[in-house]
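The values are calculated or read from the model by the stated rules, or taken from the named source; none is laboratory data. Source: prediction; values computed, not measured. Glycine also receives a Cβ, built like all others from the backbone with ideal geometry; neighbour counts cover every protein chain displayed.
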Amino acid sequence: MYSEILIEHFQNPRNVGTIENPDGYAKVDSPVCGDLMEIYIKVHDGKIQDIKYRTFGCAAAIASSSMATEMVKGQPLEVAEELTDQVVAEKLGGLPEAKIHCSVLAASALHAAIQDYYQKHPEARPVRADG
Ligand code: FES
């Protein structure tokens with residue numbers, strides 16, 4: 001049911017843990033299954049310098065968090081904001097239909113942590129041409 005990549009991330013999840021005094025933080029639960037994810041980010045020069053998470057969820061949620069955090073670590077916030085659950089699922093070699101919401105949880109938590117950062121640092125929010 002799961003790809004080898006997904007199983008590998010589940011067995012050796014990257015970036016698990018917490019960050020003291022994070023620049024951005026979010027705790028999100030899945031409306032589908034009630035599982036929970038916390039994400040912590042440290043931002044430097046507009047980039048995600050460090051990112052950690054704790055996931056109280058299934059194997060697909062753990063692998064999705066691991067993959068998502070790997071993909072955005074060191075990336076500019078604007079790039080991290082664009083990361084979608086579909087891309088995370090693709091990178092994991094696909095997810096069964098019933099497990100799509102697990103990658104949604106990872107992407108939502110990441111986006112919420114970035115929004116938390118912007119809320120605390122409004123001056124860092126990029127000005128968009130479309131207003
Ligand atoms: Fe809840 Fe996967 S079943 S996050």
| query | Taking segment 32-50 as the region of interest, how many residues are within 18 Å of VAL104 (Cβ to Cβ), more than 8 Å from the ligand (Cβ to nearest atom) and free of Cβ contacts under 8 Å to residues at least 60 places away in the same chain? | reply | 1
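Within segment 53-69, track down each residue that is in contact with a strand residue (DSSP E or B) (Cβ under 6 Å, 6 or more places away or on another chain) and not in a strand (DSSP E or B). Let's see the steps before the verdict.
First, the residues of segment 53-69 that are in contact with a strand residue (DSSP E or B) (Cβ under 6 Å, 6 or more places away or on another chain): 53-56, 61-62, 65, 69.
Passing the criteria: ALA61, ILE62, SER65, THR69.
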| said: Looking at segment 22-38, can you tell me whether even one residue there is surrounded by 15 or more Cβ atoms within 10 Å (Cβ to Cβ) and touching a Cys at 6+ places or on another chain (Cβ under 6 Å)? | reply: no
| query | Take the residues of segment 66-117 that are of a type in the set (Ser, Thr, Tyr) and touching a residue at least 40 places away in the same chain (Cβ under 8 Å): which is surrounded by the fewest Cβ atoms within 10 Å (Cβ to Cβ)? | reply | SER108
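Can you name the residue in segment 118-131 that is part of a helix (DSSP H, G or I) and out of contact with any helix residue (DSSP H, G or I) (no Cβ under 7 Å at 6 or more places or on another chain) and, of all such residues, is surrounded by the most Cβ atoms within 10 Å (Cβ to Cβ)? Outline the logic, then answer.
Within segment 118-131, the subset part of a helix (DSSP H, G or I) is 118-120, 122-124.
Applying the additional criterion that residues be out of contact with any helix residue (DSSP H, G or I) (no Cβ under 7 Å at 6 or more places or on another chain) yields 119-120, 122-123.
On the way: GLN119: 10, LYS120: 13, PRO122: 7, GLU123: 5.
Among those residues, the one meeting the criterion is LYS120.
Each row is one residue, and each column tells you yes or no for (1) part of a strand (DSSP E or B); (2) out of contact with any strand residue (DSSP E or B) (no Cβ under 8 Å at 6 or more places or on another chain); (3) of a type in the set (D, E, K, R).
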{"residue": "PRO31", "(1), (2), (3)": "no, yes, no"}
{"residue": "TYR40", "(1), (2), (3)": "yes, no, no"}
{"residue": "ILE51", "(1), (2), (3)": "yes, no, no"}
{"residue": "MET71", "(1), (2), (3)": "no, yes, no"}
{"residue": "LEU83", "(1), (2), (3)": "no, yes, no"}
{"residue": "ILE100", "(1), (2), (3)": "no, yes, no"}
{"residue": "LEU110", "(1), (2), (3)": "no, no, no"}
{"residue": "ILE114", "(1), (2), (3)": "no, no, no"}
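If only one of ILE62, ILE19, ILE41 is under 20 Å from GLU82 (Cβ atoms) and at pLDDT 95 or above, which one is it?
Working: ILE62 fails: under 20 Å from GLU82 (Cβ atoms); ILE19 fails: under 20 Å from GLU82 (Cβ atoms).
None of the others qualify; the one that does is ILE41.
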| query | So how many residues does segment 24-39 have that are more than 15 Å from the chain's Cα centre (by Cα) and not β-branched (Val, Ile, Thr)? | reply | 3
